[in-house]
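Right, one structure below, let's go through it.
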Amino acid sequence: MPTPSMEDYIEKIYSLIENKGYARVSDIAEELLVHPSSVTKMVQKLDKDEYLVYEKYRGLILTPKGKTVGKRLLERHALLECFLSVIGVEEAHIYEDVEGIEHHLSWNSIDRIGDVVQFFQENPDALDKLQSIRKNN
Ligand SMILES: [Mn+2]
């Protein structure tokens, strides 16, 4: 199992490759607000654990295992953003709050939160009721 920090890196590398087609150490460092030497160290660990293959002058590519995990982590992040948005959390808090909780929930909880999101998407009346509760609190 990847640690929270490894998850952050795998998620970020996956999304960089999705969006730009590649992930450089400098891009990862910039996006995660860490020193490039920390990125290199972590990338070496992720290589050792077979999430990616890192070649100093050719950059890095995710292994099938890294891709599967990265996709799941990105989906988890998106689901939690959706959940906070559905329950009425202000936009300004959403990203940071998701970064704070995403590593600390079991996949069981993530799946059940997915049910709640689906429930509100399929039942606009329930969403209206939730909104009226919110307005009164
Ligand atoms: Mn995230």
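The values are calculated or read from the model by the stated rules, or taken from the named source; none is laboratory data. Predicted model only: the values in this text are computed from it and were never measured. Heads up, the Cβs are rebuilt from the backbone with ideal geometry, glycines too, and the neighbour counts pull from every protein chain shown. We work out accessible area using only protein heavy atoms, side chains counted, and drop any ligands, DNA or RNA first. Shrake-Rupley method; radii C 1.70, N 1.55, O 1.52, S 1.80 Å.
Projecting label points 7 angstrom from Cα along Cα→Cβ for VAL116 and ASP97 puts them 1.0 nm apart. Among GLU75, GLU99, GLU122, the residue with the largest mean-square fluctuation in a Gaussian network model of the chain, with springs joining Cα atoms closer than 10 Å, is GLU122. Across the stretch 4-68, Cα-Cα distances exceeding 13 Å account for 57% of all pairs.
Adding -39500 (n - 2.57) for every DSSP H run of four residues or longer, then dividing by how many residues the chain holds, sets the calculated 222 nm ellipticity at -24000 deg cm²/dmol.
Cα centroid separation, the stretch 83-109 to the stretch 1-65: 23 Å. Once divided by 2.2 N^0.38 Å, the Cα radius of gyration of the stretch 74-136 becomes 1.13. Computed from the C-beta positions of ASP27 and THR3, the FRET efficiency with R₀ = 25 Å rounds to 0.70.
Across all directions, the average flat footprint of the convex hull enclosing the Cα atoms of the chain is 9.5 nm².
Between ALA23 and LEU60, the built amide H atoms are under 5 Å apart, and every one of these is 5 or more places off in sequence or on another chain. Test of understanding: given the chain, find the longest segment containing no trypsin sites (Lys or Arg not before Pro) that are in a DSSP loop and have at most 12 other Cβ atoms within 10 Å. In short, 59-137. Full extension of the chain between TYR57 and GLU90 gives 7.6 nm of extra length, using 0.36 nm per residue less the Cα-Cα distance. Between SER109 and THR40, the contour length at 0.36 nm per residue exceeds the alpha carbon distance by 21.6 nm. Computed from the C-beta positions of LYS71 and ALA126, the FRET efficiency with R₀ = 35 Å rounds to 0.70.
Solvent-accessible surface (1.4 Å probe) assigned to THR3 amounts to roughly 70 Å².
Annotation for the stretch 18-67: chymotrypsin sites (Phe, Trp or Tyr not before Pro) lying in DSSP loop with at most 16 further Cβ atoms inside 10 Å of their Cβ are TYR22, TYR57.
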